[in-house]
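Everything below concerns the one structure shown next.
What follows draws every value from the coordinates through simple rules; no lab data is involved. Predicted, not measured: the structure shown is a model, and the values here were computed from it. All Cβ positions, glycine included, derive from the backbone under ideal geometry; neighbour counts span all protein chains shown.
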Amino acid sequence: MNVMRIGKINLNQHIATSIEKFSQNGGEKVSNYVNAAGKAVIAPLVIMHNPFTKEDEDNRKWASIKQPVEAVITLAMQLVSLGLLYKGIDSLIKKGKINFKYVENASKDISKIPEKILKACNYDYEKALSMYKKQYNEIFKDRLGAIVTTITYLPVLAVSNKIYPKIAEKIVNKKKNENKSAQ
Amino acid sequence: MKINPLNKLAQSEMLNKHINKVIKDDMFGAKTLVALNVTKDVFAYAIRFKTTMQNEKIPEEKRPFVASMDLMSGVVTAIMQIGVGFSLAHHKIQDIIWDKFFKNCNFKDIVAAKKGFSQIMALIGSTILAERILVPLIATPFAEKFGKKFFPHKNKENINYSHFISIEEFNKDIKDYSK
């Protein structure tokens, strides 16, 4: 029983550490990872094995192949564009070219820092201000990142629409040929 | 003097209020993320539908179903993602799951971890459960019916879809149908 208990706690601690590491990536990146994983793995399975449709199998194959192809292209483009954006913003913040109004206020008056952060830092003013600033930067980058992600859909879909029919045709035709030769 | 537009944005009251609220309230942060995801998806599905209909590389007989799938997924996904994502972002549900699994765990930065957890939960609910499982299940039969309604073909051997490839023609058909 003790072994099971230790195992369970360890597993939860591993998940907790992963969540903590993952959350340091910022909401926008996390959102893109989850989105790509769902699109690449779950969506094709659901389209292919949907019991509520009588749609032709070939058509469903075409619709389901589109999902992972698009997910890979989307994630690659988003990682590159967000990487560049975040790097650029970090550099501007470091140079002092981007200053947040509420962070400036908080640096003059400790009471402006949210209680939640002060409590988490045991009311260590320097540490709390640094954490407040860090969270501010991350959310600011995320909001700009969301705009960039939306814009990247245009080139993503253009590239995906060119590549995916070729892949779909190859896979569907290959399977057809295999079935024919098996018969 | 050169004005930095990003700094101007960083000084705006509206953005500062928004960021401060996201920091103070994890649930608001998670809900904002879901709402942003839905906005991005609606935009992407609209573009996807338009480009699929105009994509001559997809065989004409496959195009209506693939495009209808995109359009129906866009409509259903927006509703489902908000419903499931917002429900999972609710603080009562979050607290139950957090206490059950991570109450005794060690964190370097518990504030960031809790925020990350609420975001991941809302995203898994809205993006994987709603968008990838529930939506295709609902959208596929809708797409099938929609495709047959707006892209009817009596003679399967002789199909001319070129009329529907133009988005303007398609819009006209929708207007005619709604009348």
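If r is the Cβ-Cβ distance from B:LYS108 to A:SER111 and R0 is 45 Å, what FRET efficiency results, to the nearest 0.05?
On the way: r = 26 Å, r/R0 = 0.57.
Step by step, r from the Cβ atoms, then E = 0.95.
Once a ≥ b ≥ c are taken as the square roots of the eigenvalues of the Cα gyration tensor of the range B:1-151, is the result rounded (a/c under 1.5), prolate (a/b larger than b/c) or oblate (a/b not larger than b/c)? Spell out each step's value before the answer.
On the way: a/c = 3.25, a/b = 1.53, b/c = 2.12.
In terms of gyration-tensor shape, oblate.
Based on DSSP H runs of at least 4 residues, each adding -39500 (n - 2.57), what is the mean residue ellipticity at 222 nm of chain A after dividing by all its residues, to the nearest 500 deg cm²/dmol?
Working: 7 runs with 149 residues, N = 183.
Taking each H run of at least 4 residues, the total per residue is -28500 deg cm²/dmol.
Per-residue HN-Hα couplings for the range B:27-35, Karplus 6.51 cos²θ - 1.76 cosθ + 1.60 at θ = phi - 60°, whole Hz, x for Gly and Pro?
Working through the residues one at a time gives 5, 4, x, 5, 5, 4, 4, 5, 4 Hz.
Enumerate the calculated ³J(HN,Hα) couplings along the range A:53-64 in order (Karplus 6.51 cos²θ - 1.76 cosθ + 1.60, θ = phi - 60°), each rounded to whole Hz, writing x wherever the residue is Gly or Pro.
Running phi through 6.51 cos²θ - 1.76 cosθ + 1.60 with θ = phi - 60° gives 10, 10, 4, 3, 4, 4, 4, 5, 4, 4, 5, 7 Hz.
Please work out whether chain A counts as rounded, prolate or oblate from its C-alpha gyration tensor, where a ≥ b ≥ c are the square roots of the eigenvalues and a/c under 1.5 means rounded, while otherwise a/b larger than b/c means prolate and anything else oblate?
Numbers: a/c = 3.79, a/b = 1.82, b/c = 2.08.
Here chain A falls in the oblate category.
Put a dot 7 Å past each Cα toward the Cβ at A:SER91 and B:VAL42; how far apart are the dots in nm?
Result for the modelled spin labels: 3.6 nm.
Run through the range B:1-50 and list the trypsin sites (Lys or Arg not before Pro) located in a DSSP loop whose Cβ has at most 10 other Cβ atoms within 10 Å. Before the final figure, lay out the partial values.
Values: sites: B:LYS2, B:LYS8, B:LYS17, B:LYS21, B:LYS24, B:LYS31, B:LYS40, B:ARG48, B:LYS50; in loops: B:LYS2.
In loop regions of the range B:1-50 (DSSP not H, G, I, E or B), the sparsely surrounded trypsin sites (Lys or Arg not before Pro) are B:LYS2.
Take A:TYR123, A:TYR132 and order them by how many other Cβ atoms sit within 10 Å, fewest up front. Spell out each step's value before the answer.
On the way: A:TYR123 13, A:TYR132 24.
Fewest-to-most Cβ neighbours within 10 Å comes out as A:TYR123, A:TYR132.
Let me have the relative contact order for chain A, percent, based on Cα pairs under 8 Å that are six or more residues apart.
Details: 111 pairs, mean separation 51.6, N = 183.
Taking the mean separation of contacting Cα pairs over the length of chain A, I get 28 percent.
Under a GNM of chain A (C-alpha, springs under 10 Å), which listed residue has the highest mean-square fluctuation: A:ASP124, A:ASP58, A:ASP142?
Highest fluctuation among the options: A:ASP124.
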